[in-house]
1. Can you pull out the residues in region 1-26 that are under 15 Å from Val46 (Cα atoms) and either β-branched (Val, Ile, Thr) or touching a Phe, Trp or Tyr at 6+ places or on another chain (Cβ under 6 Å) (or both)?
2. Suppose we filter region 11-49 for residues that are touching a Lys or Arg at 6+ places or on another chain (Cβ under 8 Å) and in contact (Cβ under 8 Å) with a residue 24 or more places away in the chain; how many remain?
3. Looking at (1) outside any helix (DSSP H, G or I); (2) more than 14 Å from the chain's Cα centre (by Cα), find the lone condition where Phe45 falls short.
4. Tally time: how many residues in region 1-18 are surrounded by fewer than 11 Cβ atoms within 10 Å (Cβ to Cβ) and either over 12 Å from the mean Cα position of the chain (by Cα) or aliphatic (A, V, I, L, M) (or both)?
5. Go through region 38-83 residue by residue and tally those that are modelled with pLDDT under 65 and surrounded by 10 or more Cβ atoms within 10 Å (Cβ to Cβ).
Amino acid sequence: MSILYWTLGLVLLQRVVELVWARRNAIRLRQLGGVEADAEGYPYFVLLHASWLASLVVFVPAAARPVPLVSPPELPAGDRRNRRAAARL
């Protein structure tokens, strides 16, 4: 199984836990007199997140390698000092 599916599975699990937690908090806060603002928009918010995860499954190849967020700078190959510095990275 690729790292993509592991990551998506963990994110999906986190979102489900968040939904359960949010529902429990909403019930508790309503009992304390709280009022929910923009309750109509919440299903669209959930749909947006679910669509984003689904689009990753559809459009990202499972064999795609992760792209590092930070990469070492490109150094000229001819400079001996730069080669040593690159070797330490």
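1. Of region 1-26, the ones under 15 Å from Val46 (Cα atoms) are 11-23.
If the condition is that a residue be under 15 Å from Val46 (Cα atoms) and either β-branched (Val, Ile, Thr) or touching a Phe, Trp or Tyr at 6+ places or on another chain (Cβ under 6 Å) (or both), then Val11, Val16, Val17, Val20 are the ones that fit.
2. Summing the residues that are touching a Lys or Arg at 6+ places or on another chain (Cβ under 8 Å) and in contact (Cβ under 8 Å) with a residue 24 or more places away in the chain in region 11-49 gives 1.
3. So the condition that Phe45 fails would be (1).
4. In the first step, residues of region 1-18 are kept if they are surrounded by fewer than 11 Cβ atoms within 10 Å (Cβ to Cβ); the result is 1, 6, 10, 13-14, 16-17.
From what is left, the residues that are either over 12 Å from the mean Cα position of the chain (by Cα) or aliphatic (A, V, I, L, M) (or both) are 1, 10, 13, 16-17.
Total meeting the criteria: 5.
5. The qualifying residues number 5.
The values are calculated or read from the model by the stated rules, or taken from the named source; none is laboratory data. Everything numeric here is computed off the predicted structure, so don't read it as measured data. Counting neighbours? That spans all protein chains shown, and the Cβs are built from the backbone with ideal geometry, glycine included.
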